[in-house]
1. Find out how many positive minus negative residues lie around VAL70, taking Lys and Arg as positive, Asp and Glu as negative, among other residues whose Cβ is under 12 Å from that of VAL70.
2. Could you give the angle, 0 to 90 degrees to the nearest 10, between helix 4-16's Cα long axis and the longest principal axis of the Cα atoms of the chain?
3. How much of the accessible area of the stretch 190-229, in percent, comes from carbon and sulfur atoms when a 1.4 Å probe is used?
4. Of the beta bridges DSSP finds with both residues in the stretch 29-161, what % are antiparallel, to the nearest 5?
5. Run a plain Debye calculation on the stretch 97-202 (Cα atoms as equal point scatterers, no solvent) and give log10 I(q)/I(0) at q = 0.12, 0.23 Å⁻¹, rounded to two decimals, same order as the q list.
6. Return the single residue from ALA98, ALA294, ALA69 with maximal mean-square fluctuation; model: Gaussian network over the chain, springs between Cα atoms under 10 Å.
7. Using only Cα atoms, find the angle between the long axis of helix 30-44 and the longest principal axis of the chain, and express it within 0 to 90 degrees, rounded to the nearest 10.
8. Going by average Cβ neighbours within 10 Å, how do the peptides 6-12, 275-281 rank, with the highest at the top?
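The values are calculated or read from the model by the stated rules, or taken from the named source; none is laboratory data. Just so we're clear, the structure is a prediction, and the values are computed from it rather than from any experiment. Note that we place each Cβ from the backbone using ideal geometry, even for glycine, and neighbour counts take in every protein chain shown. We work out accessible area using only protein heavy atoms, side chains counted, and drop any ligands, DNA or RNA first. Shrake-Rupley method; radii C 1.70, N 1.55, O 1.52, S 1.80 Å.
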Amino acid sequence: MLDLQRLRALHAVSVHGTVGAAAVALGFTPSAVSQQIAKLERETRTVLLEREGRGVRLTDEAWQLVGTAVELLAIVERAETRLEERRGVPSGRLSVAAFASAARGLLPSVLADLAVRHPALDARLTEVDPHLSVDLVAKGAVDLVVAHDWDIAPLPAPAGVEQARIGEDLCDLLVPEGHRFAGRAAVRRGELGGERWICQPPGRVCHDWLLRTLRGAGHEPDIVHQADENPTLVALVAAGLGVALIPRLGRGPLPPGVVEVPLDPMPVRRLYALWRTGAARRPAITETVRTLRAHWPDVSVQDVPTARAARSG
């Protein structure tokens, strides 16, 4: 008899790529995940993982078991959804993945609200880049994802995944104090040529958006500094090292020496919640989506500001 938890551990390794990452996703230690898979190997008399450099590789037999695990986990999810639906209240564990600025600027208040109103619900957050998180929810590695797209790059929902819009996050041009755009009421995208840009690394949604936007306006961006976190990007702007396009969600107060200038038209990224179709009627899903939408007006700033410098005092 195959053990479901051991299959779940193997499935997590197949999705996340390493035992350590699978352990983080499951809320276990790496040794616990390794033990689960070792027991599964003994039960099936099959080698499932092979060493490959510093990581592991799934054998062909392991991938066959992963296919079985996907089917069984989907059946379990439907059963759990029906039970929770009959109870009529959000309950059980809900794994949530969100990109960095949503994890910082939106999810803390949402999760705190859910914890107070629904004590039987155990919601757990993991920070994941949006281009990875959609695949994770599709594969059953997480229950709910908060992701985003940009106005020129729509977010596709894969088969078996549903989505609901949460809100729109506006994006401003940040420049050092004394820059040629400082004090402007607005800057058009066609004026952005010749700037030294600070942005996230390649492969990130914001990086790809910047390339497509500037190239669409006839400019090849000169990217001089790259960093993962928005606070680091803002600090580089404050040091006078370049300009950046930074969304407002989770950005926080601007430091001295940084000027916020609206673009015309203003860039917009749209936030979505995504979940598997099989869990669509689960009260934990519907209530979390409702709470995300309810909290969005409290954390979003939708008015278009005039250009202003953030100065001390």
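1. Result for the neighbourhood of VAL70: +1.
2. Once rounded, the angle reads 30 degrees.
3. It is 43 percent, rounded to a whole number.
4. Given both bridge residues lie in the stretch 29-161, the antiparallel proportion sits at roughly 35 percent.
5. -0.60, -1.34
6. Judging by the Gaussian network model, the answer is ALA294.
7. 40
8. 6-12, 275-281
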